[in-house]
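**Student:** Below: one structure in structure tokens.
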Amino acid sequence: MDNNIAERLNSAYRQLAEIKQKNLSVRADAQLIAVSKTKPISLITEAYLAGQRQFGENYVQELVDKATALTELADLEWHFIGPIQSNKTRDIAKFANWVHSIDRLKIAERLSAQRPATMPPLKVLIQVNISDEASKAGIAAAEVQPFAAKIATLPNLELAGLMAIPAPAVGNDNSQAFAAMQALSAQLQQQFPQARALSMGMSDDWQQALTFGATMIRLGTAIFGAREPQPHE
Ligand SMILES: *Cc1c(COP(=O)(O)O)cnc(C)c1O
């Protein structure tokens, strides 16, 4: 693997373009989120200078610190993709452009209430526990439709789609989970046509996720290299 972030980004974008061109079922608007959690601001700047604009963060304090330090990069877009505690919603409402990890109504209500009036509605994705893991975040597939109906009533949120983190699969074959998400997404769009985003696929399985209609792939290791293990990870 290459050590240079610009080269890793270029390589990922080259592959993304090739996959889009070869496979007509891949969404033309699919975009790459660079997951910068645990990585220093200097590397985010490096990726920004190489043309990357969407960044993903998992930890609220990191989001606050990084977004504050980089406010001058006005077209940089922050995607919050981690678990959310209710005492942290105010910071997320203030700094994030997107939240991928909505799975509790109370959290969504707080984000809507705390979104600053000067900002556009916060774009949110409902996190689905697609592999039905007892320990995992996300709501059950059967609950998506009724939950979405509640989220859609919140004035300062924009229901934009769905997100999933499938359980680790043998040989990184997540085709079953990805196919289930694709079906759920199609179902959701019948009622909420604007909810077109489908956030799935990480460094090990993003090519496959694209063939099942992913519109946002979340790449950490593939762009920034391995992470140090975190106490809270
Ligand atoms: C860390 C993380 C990623 C990136 O993982 P990699 O395997 O390093 O690409 C993507 N999505 C979520 C929700 C994450 O927490």
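**Student:** Once the other residues with Cβ under 15 Å from the Cβ of residue 201 are scored (Lys, Arg +1; Asp, Glu -1), what is the net sum?
**Tutor:** Summing Lys/Arg as +1 and Asp/Glu as -1 gives -1.
**Student:** I want to verify a result. In a Gaussian network model of the chain, Cα cutoff 10 Å, which of these has the top mean-square fluctuation: 118, 215, 89?
**Tutor:** In this elastic network of the chain, the residue with the biggest mean-square fluctuation among 118, 215, 89 is 118.
**Student:** Filter the GluC sites (Glu not before Pro) in region 46-122 to those in DSSP coil with at most 16 other Cβ atoms within 10 Å of their Cβ, and list the result.
**Tutor:** 72
**Student:** Considering only protein heavy atoms, what per residue accessible area in square angstrom results for the chain with a 1.4 angstrom probe?
**Tutor:** Value returned for the chain: 48 Å² of accessible area per residue.
**Student:** Let me ask you something else. Scan around residue 220 for amide H atoms under 5 Å from its own, H built in the peptide plane at 1.01 Å from N, and keep only partners 5 or more places away or cross-chain.
**Tutor:** For residue 220, the qualifying residues are 35, 203.
**Student:** In debye, nearest 20: dipole of region 39-91 around its Cα centre with unit charges on the Cβ of K, R (+) and D, E (-)?
**Tutor:** Roughly 160 debye, rounded to the nearest 20.
**Student:** Further question on the same structure: Using a Gaussian network model of the chain whose springs link C-alpha atoms within less than 10 Å, name the residue from 31, 52, 187 with the highest mean-square fluctuation.
**Tutor:** Answer for the Gaussian network model of the chain: 187.
**Student:** How high is the relative contact order of the chain, given as a whole-number percent (alpha carbon pairs under 8 Å, six or more residues apart)?
**Tutor:** Normalised by residue count, the contact order of the chain is 21 percent.
**Student:** Size of the dipole of the chain about the Cα centre, Lys and Arg at +1 and Asp and Glu at -1 on the beta carbon, nothing else charged, in debye to 20?
**Tutor:** Roughly 520 debye, rounded to the nearest 20.
**Student:** Using a ≥ b ≥ c from the Cα gyration tensor of region 5-224 (square roots of the eigenvalues), is it rounded, prolate or oblate, where a/c under 1.5 gives rounded and otherwise the larger of a/b and b/c decides, a/b for prolate?
**Tutor:** oblate
**Student:** Compare the Cα positions of 111, 181, 144 along the charge dipole of region 108-204 (+1 at Cβ of Lys, Arg; -1 at Cβ of Asp, Glu; about the Cα centre) and return the one farthest towards the positive end.
**Tutor:** 111
**Student:** How much net charge surrounds residue 189 when only other residues with a Cβ under 13 Å from its Cβ are counted (Lys, Arg +1; Asp, Glu -1)?
**Tutor:** Its environment carries a net charge of +2.
**Student:** Same structure, new question: Taking the Cα centroid of region 163-233 and of region 125-152, what is the distance between the two, rounded to the nearest whole Å?
**Tutor:** Comparing the Cα centres of region 163-233 and region 125-152, I get a distance of 14 Å.
**Student:** Using θ = phi - 60° and the Karplus relation 6.51 cos²θ - 1.76 cosθ + 1.60, list the HN-Hα couplings for region 199-204 in order, rounded to whole Hz, with x at every Gly or Pro.
**Tutor:** 9, 7, x, 10, 4, 8
**Student:** How charged is the neighbourhood of residue 104? Take every other residue with its Cβ under 12 Å from the Cβ of residue 104, and add Lys/Arg as +1 and Asp/Glu as -1.
**Tutor:** So the surrounding residues net to 0.
The values are calculated or read from the model by the stated rules, or taken from the named source; none is laboratory data. Because the structure is a prediction, the values reported are computed rather than measured. Glycine also receives a Cβ, built like all others from the backbone with ideal geometry; neighbour counts cover every protein chain displayed. Accessible surface areas use protein heavy atoms only, side chains included; no ligands, DNA or RNA. Shrake-Rupley method; radii C 1.70, N 1.55, O 1.52, S 1.80 Å.
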